[in-house]
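All remarks here apply to the structure that follows.
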Amino acid sequence: MQGLIDYHMHSILSDGKNTHEEMIKRGIELGLDEIGFSDHVCLKPVSWAISPIDIPVMTEQILALREKYSDQIKVLYGIEMDYFPGKEQEIQELIASLPLDYVIGSVHFIGDWNFDTDKSLYGKWTNDELYHMYYELIQLAANSGLFDTIGHLDIIKKFRIYPESNLSGLVEETLKVIKENKLVVELNTGGLDRPCAELTPSPYIVERCYHHHIPMTISSDAHSTKQIARHYETGLTLMKKVGFEKIATFENRELKMTRIP
């Protein structure tokens, strides 16, 4: 996997099963050029996000490991930050307090409902209504100026929840907002192991990202060493078929483009 990266992964400090160092060693075994950590950071007190008291621990560990393994792999420090409308200032202050290489902006909540883990409210709205609420939050996140990458763009489909009608216009509107704000969209290969059994975003959205000249990166959303770079052949084959020749990489929150090997 020479020339490749994996920027979306979680350690035992959030909801992963392995330490940062264990995941780095696996990345080296796989031949990755770069590995980036993105433990969950969430303003709401949830079990799957890093505890505020552990954030300094996370920083210390990642920076020390970056130095330790600098001659074998490039280690980047990122976070996956939940977006909440009206909390932009608080989110910005937290992000600014950390020496980050990139920030993945994700939406896991509609109001107080964590639709990513709690299936109890599905059916309260039509799927079309649900999709509109979700993509409106994605657009707000993109317009916030807080993030570098939008994570698992169409994760609302996770539990095989699909719109009743053609919402391609909503997708187009959202992608235009993402483009206007010069954001990256990740191709999250972990979606193939979720109930939807599909890349996130879908092949259709990947094609539309290419059409709009939106840069994409590739990531596994690994929660264990076994999941690092999972399904990359599938994801990269799709990207190349669509027309992508480069993937987005970061350092000190500056975007760089790297040719797909």
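Read-outs: derived from the displayed coordinates by stated rules, not from any lab. Remember, predicted model here, so these are calculated numbers, not experimental data. All Cβ positions, even for glycine, are placed from backbone atoms using ideal geometry, and neighbour counts span all protein chains on display.
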Low-density loop cleavage sites - GluC sites (Glu not before Pro) in segment 63-165, where at most 15 other Cβ are within 10 Å (DSSP): GLU164
Under-5 Å amide H pairs with LEU187, H placed in peptide plane, nonlocal only: THR217, ILE218, SER219
Candidate values (i) 140; (ii) 114; (iii) 125, label of the one derived for volume of the Cα convex hull per residue in Å³: (ii)
Per DSSP, loop trypsin sites (Lys or Arg not before Pro) in segment 136-204 with at most 16 further Cβ within 10 Å: ARG160, LYS182
Loop trypsin sites (Lys or Arg not before Pro), segment 5-80, which have at most 13 other Cβ atoms in a 10 Å radius of their Cβ (DSSP): none
Sequence ranges 98-108, 138-148, ranked by mean other-Cβ count within 10 angstrom, highest first: 98-108, 138-148
Lysines with Cα under 18 Å of LYS87, excluding same-chain neighbours fewer than 8 positions away: LYS44
Residue exposure sequence - ILE73, ILE178 - by fewest surrounding Cβ within 10 Å: ILE73, ILE178
Per-residue HN-Hα couplings for segment 218-226 [Karplus 6.51, -1.76, 1.60; θ = phi - 60°; Hz; x = Gly/Pro]: 10, 8, 9, 6, 5, 10, 7, 4, 5
